[in-house]
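J.: What follows is a single structure, and I will ask about it in a moment.
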Amino acid sequence: MMQSLWQSADPILRAYTLGAVILLVSAALLIWAVALLTKKDLSGVWRTYRGWLIMVPIAFAALWLGRTATIVGLALIAIVGFKEFARATGVYKDWVVTGTVYLGITALAILTAIKDPRTGDLGWYGLFMATPVYVIAALLAIPVFRDAYKGQLQRVSLAIVGFVYFGWMFLHLGFLTNSHHMYGYLLFLLVAVELNDVSAFIFGKTVGGPKLRPHVSPNKTWGGSLGALCVSLTLPWLLHASFPHFNWHELVLTGLIVGIGGQLGDLTISFIKRDLGIKDMGAVIPGHGGILDRVDSLIYVAPLFFHMVRWFQGIH
Amino acid sequence: MEDWTYEPAQDLNHDFATRLKGFPREPHMWVYALRSAAAMLIRGWLRTYHRFRITRLGKLPESSFVMVANHQSHLDAPCLLAAMPLRRLHRTFPAAAEDYFFSNLPRGIFTSIVINGLPFNREAKGAQSLAVCRELLSTPGNVLILFPEGTRSPDGTLGRFRSGIGRLIEGTDVPVVPCRLIGAHDAYPKGAWIPRPKPVHLIIGEPLRFGHLPKGRTTVQTIGDTLHRAVSDLKPESNVDPPI
């Protein structure tokens, strides 16, 4: 049964699953070897590793279960992500505003899952793209119905930013599941964005250089940033099998979107956290902080990649 | 342009276990929904399985107040919560011994989500926890449920009241409502695994106030004695049962 499941699965999903298993096992061996050789206390590293050990199987489980499970999983991440943002800003205390955004995110997930009633294509593209119109209209109507004005602009504005960024922009990732190349797109993005983060960290430590944005994120350097961009530009060529139909300019654009967009996403969450005066957006994932601290780069990259693909290749 | 002031949740970077213990709790939409649902289930179960009745001799104050009762069983806190209107449920906090009710994760989840328990540290005479209680009562509309005996009675009789209640109330005009639970010991005594289908009866007395007494050790003693007498004086036959 297991064997037939494995054989009937998408070859790209199989390849990435195998790669993830190999990566997790070798990372454990590497940490173990380093701990043994240097005799340093690596409990912090192990904590982070354990976080991955939980997140990676969950992500793959959703992908193996198929399109609907993936959409539901991504919508849950968006809801928890918005909740973290709402708790960090204080919007969460307004349950009507928060609930409206939850409903909006749920609507996005449903629109992603159903067919367009006119064309019969998977995913109701037109209404998905127009959802912010209705959610923003609903949010702005709340103070009117309440007949209240004090502090209302702030909570409505924050809720709009939260819905558009953490809900709508992020869930472009979910809409990618409507493509024949869903596994290639999604898995490439997940891997590329993480590798972009990791290489920024490694190049930052080894090459260094002047500070990238001293106020927003003082630990990041130009060396790390450019190193990550180089890695991200090469990656689409190395993993070309994820999207064999891509031409050279799409590969370059993918590299630029991940390399630059990923870092901008990271820095976006950084400035938000600094303005709010908090360290992490939450504490759901031990060793990683909140869910938004984990998917920060992905949020920024997802819609840019989506519309690039749609423009050149169409989404189905 | 003026900067916005944000109000991040106090427990933002706490892990799950720490958040359960943290107090005051941040209001949480999903927790409120769960607690309301659980409260209705518990009320239904108490009424059918324990034929739970409430006799109200006085009206509950609309302001913040303290409910004190005899402590015989784990049923006590759910019974007292069942006497509160649902709209005040999330602002009613039974003091729960931190060393017992927050000692492991499942218990902590139950205590904080279903019971809305206030983690009460019984060490050092509870001085720190009493400060938390005082803070709680300073917000209008909050209700604190306290068992002044400090622990469940092993045989169902009313034990000595600890000084905590007196030290909490002295020098304030916070109303205290004495309550008496009858039958909870037979229904679910200390050490029993599952509750037995025995009737439980709750009598809610008239609110008492101690604001006129000067602060001091004698007042602490007086408050404790007065409340002890008030609780033990509540008798089942003292009034006809109004409908719940």
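Nothing in this text is a laboratory measurement; each read-out follows from the coordinates by a stated rule. All figures in this text were calculated on a predicted structure; none of them were measured in a lab. Cβ atoms come from the backbone with ideal geometry, glycine included; neighbour counts cover every protein chain shown.
J.: Tell me, what does the Kirkwood hydrodynamic radius of region A:180-316 come to in angstroms if you use every pair of distinct C-alpha atoms? Write out the running numbers ahead of the final one.
T.: Details: mean 1/r = 0.0646 Å⁻¹.
That comes to 15.5 Å for region A:180-316.
J.: In debye, nearest 20: dipole of the protein assembly as shown around its Cα centre with unit charges on the Cβ of K, R (+) and D, E (-)? Please list the in-between numbers first.
T.: Numbers: 53 positive and 37 negative charges, 255 e Å.
Once rounded to the nearest 20, the dipole reads 1220 debye.
J.: Another question, if that's okay. Hey, any idea what Rg/Rh is for region A:1-65, computing Rh the Kirkwood way over Cα pairs?
T.: On the way: Rg = 15.0 Å, Rh = 13.5 Å.
That ratio equals 1.12.
J.: Continuing with the same structure: Quick one: dipole size for region A:68-178, taken about the Cα centre, charges +1 on Lys/Arg Cβ and -1 on Asp/Glu Cβ, in debye to the nearest 20.
T.: Numbers: 8 positive and 5 negative charges, 52 e Å.
Charge dipole of region A:68-178: 240 debye, to the nearest 20.
J.: Consider all pairwise Cα distances in the protein assembly as shown and report the whole-number % of them above 46 Å.
T.: Values: 50044 of 156520 pairs.
Above the 46 Å cut-off, the protein assembly as shown has 32 percent of its Cα pairs.
J.: Now a separate question. Give me the Kirkwood hydrodynamic radius of region B:163-218, using the inverse of the mean 1/r over all pairs of distinct Cα atoms, in Å to one decimal. Please report the intermediate quantities before stating the final value.
T.: Values: mean 1/r = 0.0722 Å⁻¹.
When all Cα pairs of region B:163-218 are included, the Kirkwood radius is 13.9 Å.
J.: What is the sum of charges around A:L298, taking Lys and Arg as +1, Asp and Glu as -1, for the other residues whose C-beta is under 11 Å from the C-beta of A:L298?
T.: Details: positive: A:R294; negative: A:E194, A:D197, A:D266, A:D296.
With Lys, Arg at +1 and Asp, Glu at -1, the net is -3.
J.: Additional query: Can you tell me which of A:I202, A:I105, A:I260 moves the most in a GNM of chain A? Springs connect C-alpha atoms under 10 Å apart.
T.: Checking each option, the largest mean-square fluctuation is seen for A:I202.
J.: If you don't mind, another one. Does chain A come out rounded, prolate or oblate by the C-alpha gyration tensor, with a ≥ b ≥ c the root eigenvalues, rounded set by a/c under 1.5 and, if not, prolate when a/b is larger than b/c and oblate if not?
T.: Values: a/c = 1.64, a/b = 1.18, b/c = 1.38.
Verdict is oblate for chain A.
J.: When a/c reaches 1.5 or more, the comparison of a/b and b/c decides; with that in mind, is region B:99-211 rounded, prolate or oblate per its Cα gyration tensor? Before the final figure, lay out each step's value.
T.: On the way: a/c = 1.76, a/b = 1.29, b/c = 1.37.
Cα axes put region B:99-211 in the oblate bin.
J.: Reported to two decimal places, what Rg/Rh ratio describes chain B when computed on Cα atoms with Rh from the Kirkwood expression? Before the final figure, lay out the partial values.
T.: On the way: Rg = 18.1 Å, Rh = 18.7 Å.
Reported Rg/Rh (Cα atoms, Kirkwood Rh): 0.97.
J.: Could you tell me which of A:H180, A:G204, A:L298 has its Cα farthest along the dipole of chain A towards the positive end, charges placed at Cβ (Lys, Arg +1; Asp, Glu -1), taken about the Cα centre?
T.: Value: A:G204.
J.: Further question on the same structure: Loop by DSSP (not H, G, I, E, B), at most 15 other beta-carbon atoms within 10 Å: where is the longest site-free stretch of chain B for GluC sites (Glu not before Pro)?
T.: Numbers: sites that count: B:E2, B:E62.
In chain B, the maximal stretch lacking such sites is B:63-244.
J.: Moving on. Output the pairs from A:K93/A:K220; A:K83/A:K279; A:K40/A:K279 with a Cα-Cα distance over 22 Å in this structure; if there are none, say none.
T.: On the way: A:K93/A:K220 34 Å; A:K83/A:K279 16 Å; A:K40/A:K279 26 Å.
From the list (A:K93/A:K220; A:K83/A:K279; A:K40/A:K279), the Cα-Cα distance tops 22 Å for A:K93/A:K220; A:K40/A:K279.
J.: At most 11 other Cβ atoms within 10 Å and a DSSP loop assignment: could you name the chymotrypsin sites (Phe, Trp or Tyr not before Pro) in region B:44-144 that fit? Walk me through the numbers on the way to the answer.
T.: Values: sites: B:W45, B:Y49, B:F52, B:F65, B:Y100, B:F101, B:F102, B:F110, B:F120; in loops: B:F52, B:F102.
Within region B:44-144, no chymotrypsin sites (Phe, Trp or Tyr not before Pro) qualify (loop, at most 11 other Cβ atoms within 10 Å).
J.: I need the Debye-formula profile for region A:68-178: one equal scatterer per C-alpha, no solvent, reported as log10 I(q)/I(0) at q = 0.20, 0.22 1/Å, two decimals.
T.: Here log10 of I(q) over I(0) equals -0.96, -1.10.
J.: How large is the helix-only mean residue ellipticity at 222 nm for the protein assembly as shown, computed as the sum of -39500 (n - 2.57) over DSSP H runs with n ≥ 4, divided by its residue count, in deg cm²/dmol to the nearest 500? Show your work: numbers first, answer last.
T.: Details: 22 runs with 307 residues, N = 560.
Calculated mean residue ellipticity at 222 nm is -17500 deg cm²/dmol.
J.: Other chains near B:8-21: what is the mean number of their Cβ atoms within 10 Å of each residue's Cβ? Please list the in-between numbers first.
T.: Details: counts 10, 10, 1, 3, 11, 9, 2, 5, 3, 0, 1, 1, 0, 0.
If you average over the peptide's residues, the count of other-chain Cβ atoms is 4.
J.: Lysines near B:K235 by alpha-carbon distance under 18 Å, same-chain residues fewer than 8 away left out - which ones?
T.: B:K59
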